[in-house]
């Protein structure tokens, strides 16, 4: 399981980094061309809005869970006995898997519809194909379902650890430190 988590983590970092670099490069080229030639790179706005921003928004969802960085409301669970925490985690991951499963199903239904219709937007004088971008949320939500299932297995196996998410020493100077 650790190997699969590592694979997902590295894949998301690789693709996310590449997408961010491509987006920045495309915007720089577009601004340069607009200022030098007087006309920007065609379909920059469409590429950024329909592909790059969607990928940057949805692909890291599973990565955030791998790093235990999703928002957690622990106001009540902090006072529960440690022996009940595996039950809380189990039902939390089960609920998350169900919610992300519904999001995956809904996104896949929409993506299938857009693919069948050959969805596109008009960009100037050309048709810019957008249907492949509808599969990005399906991939992001699907990876999150997979991570939730892996978390359920580790909770059932007794090997899930809810270590603190933020190491105070890594957060920078503190009020009580002399700078």
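The values are calculated or read from the model by the stated rules, or taken from the named source; none is laboratory data. Given the structure is predicted, the values throughout are model-derived calculations rather than measurements. When we count neighbours, we look across all protein chains shown, and the Cβ atoms used for this are built from the backbone with ideal geometry, even at glycine.
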Worksheet item: Among all residue pairs at least 6 apart or on different chains, which show Cβ distances below 9 Å where the first residue, located in segment 84-106, is closer than 20 Å to residue 137 by Cα and the second is not in a helix (DSSP H, G or I)?
Response: 93/160; 96/70
Worksheet item: What number of residues in segment 129-170 are farther than 16 Å from residue 89 by Cα and either in a loop (DSSP other than H, G, I, E, B) or modelled with pLDDT under 90 (or both)?
Response: 6
Worksheet item: closer than 30 Å to residue 30 by Cβ and either within 19 Å of the chain's Cα centre (by Cα) or modelled with pLDDT of 95 or more (or both) - does that describe any residue in segment 85-94?
Response: no
Practice prompt. For segment 51-70, indicate whether the set of residues that are surrounded by 13 or more Cβ atoms within 10 Å (Cβ to Cβ) and farther than 26 Å from residue 108 by Cβ is non-empty.
Written response: yes
Practice prompt. May I ask you to verify whether residue 19 is under 25 Å from residue 153 (Cα atoms) and at pLDDT 90 or above?
Written response: no
Discussion item. Of all residues being more than 22 Å from residue 59 (Cβ to Cβ), in contact (Cβ under 8 Å) with a residue 12 or more places away in the chain and in contact with a helix residue (DSSP H, G or I) (Cβ under 7 Å, 6 or more places away or on another chain) in segment 15-43, which is surrounded by the fewest Cβ atoms within 10 Å (Cβ to Cβ)? Just the residue, please.
Written reply: 41
Item to complete: Test residue 138 against the criterion of being closer than 24 Å to residue 30 by Cα and within 21 Å of the chain's Cα centre (by Cα), and give yes or no.
Response: no
Worksheet item: Condition test on residue 128, is it in contact with a strand residue (DSSP E or B) (Cβ under 7 Å, 6 or more places away or on another chain) and over 30 Å from residue 7 (Cβ atoms)?
Response: yes
Discussion item. Can you confirm whether residue 7 is surrounded by 12 or more Cβ atoms within 10 Å (Cβ to Cβ), within 21 Å of residue 144 (Cα to Cα) and without any contact (Cβ under 8 Å) to a residue 40 or more places away in the chain?
Written reply: no
